[in-house]
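Structure first, commentary second.
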Amino acid sequence: MLRLRRYDLKLEFKPGKYLIVADTLSRAFDRSEKKSNTEEEIKAQVDMIRQNAQVSDPMWEKIATHAKDDEELKDVLNAVHFGWESNHAQSLKPYYHFRGDITEIDGVLVKGPKVIIPKTLQGDMLKKIHEGHLGIEKRQARARQVMYWPNINNDIENHIGRCGTCQKHRYKQAKEPIEQHEVPVKPWRKIGADLFTLFGKNFLVVVDYTSNYPEVAKLEDLSSTNTISHMKSIMARHGLPSVVVSDNGPQFSSREFRQFAMQYGFKHVTSSPEYPQSNGKAEKAVQIVKRLLKKAKENDEDPYLALLNYRTSPLLGSDRSPGEIDLNEQETEEHVAMHKLPDIKQKHYYDHGSNQLKPLRLLTQSG
């Protein structure tokens, strides 16, 4: 039943004569006696919830230990086990309107797939949420996927508002809007590329237009050869694009890069010198990556974890992260049409030197 709680089911009666397959199978049931193993079914449901909660076993035990000493959660646990009264205690008020979604698993209260965090651990969780120093909206979206406590959004806002690193590296107001590009349905069909310098080192950023997934590579030098080598490595992981957008830097305007575009079969679009914002997708990715790397360095944190946090945090206005869109994009009619193109071309070249045969005329004995 726990698996079905996310769905709003509608039952409709139909006579058996209209449900031929289902009615037939219902009469061909397995006559062998099987014992119902309720404990195994419950364990499977519990394991599913724990797996979806994305909490390690040591952390689960830690949360359970702290929950035992949390007076508010003890009241909630008591209500879960013995029922929610209409004249419930004040401590239950924040939980009452979604009481049907709360259950207890191995000493931990969960709200659907989210773990309810005891007060004594909320400070630690705020620090964990803020790893990578992403913005308020991204941190709230990330937290909503895995954990809950009353006023969690306000606590995240206040925590980030007190972070000196985040205040130092806030976005500046944009001077003018960027030029809009057509966004493909499938990831890595269209990508943007740009270079930047930070801490005396040069980096290449490649970003997907569909998922906003950024790839970062440290450059040994600023030559076209080195830039192309790293772009080939990125394309080997994500697939060949149809369009690459960049500025008119020497790495991208060289003869070598033009040959690279021809060899790999993509269209190279460059921004105009008068309007460099037309490469805004890559420039935005550069701002994000630079800020992530700066914050990681100032706080002595792992820059790779900072990138991971960004890639796995839901995008604004979406419940999916760049990583989810990149890996789990479902096939659409547009995708199917794209995949059929090679077959259409193959048929064209195959049929080029062929002739349609006349249909055979079958002769009878009479002639």
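State yes or no: is K297 surrounded by 20 or more Cβ atoms within 10 Å (Cβ to Cβ) and either of a type in the set (V, I, T) or part of a helix (DSSP H, G or I) (or both)?
For K297, the condition - surrounded by 20 or more Cβ atoms within 10 Å (Cβ to Cβ) and either of a type in the set (V, I, T) or part of a helix (DSSP H, G or I) (or both) - is not met.
In the set L292, L240, which member is assigned to a loop (DSSP other than H, G, I, E, B) and among the aliphatic types (A, V, I, L, M)?
On the way: L292 fails: assigned to a loop (DSSP other than H, G, I, E, B).
The unique qualifying residue is L240.
Highlighted here are the helices (runs of 4 or more DSSP H) found entirely within the stretch 1-95 that include at least 1 residues which are modelled with pLDDT under 70: 20-27, 38-52.
Kindly indicate whether A285 is in contact with a His (Cβ under 6 Å, 6 or more places away or on another chain) and not polar (S, T, N, Q).
Working: in contact with a His (Cβ under 6 Å, 6 or more places away or on another chain): no; not polar (S, T, N, Q): yes.
Criteria not met by A285.
Show me the strands (runs of 3 or more DSSP E) found entirely inside the stretch 181-233 where at least 1 residues are among the aliphatic types (A, V, I, L, M) and more than 19 Å from F257 (Cβ to Cβ). Correct list: 190-198, 214-219.
The values are calculated or read from the model by the stated rules, or taken from the named source; none is laboratory data. Computed from a predicted structure; not experimentally measured. Reconstructed Cβ throughout: ideal geometry from the backbone, glycine too, with neighbour counts over all protein chains shown.
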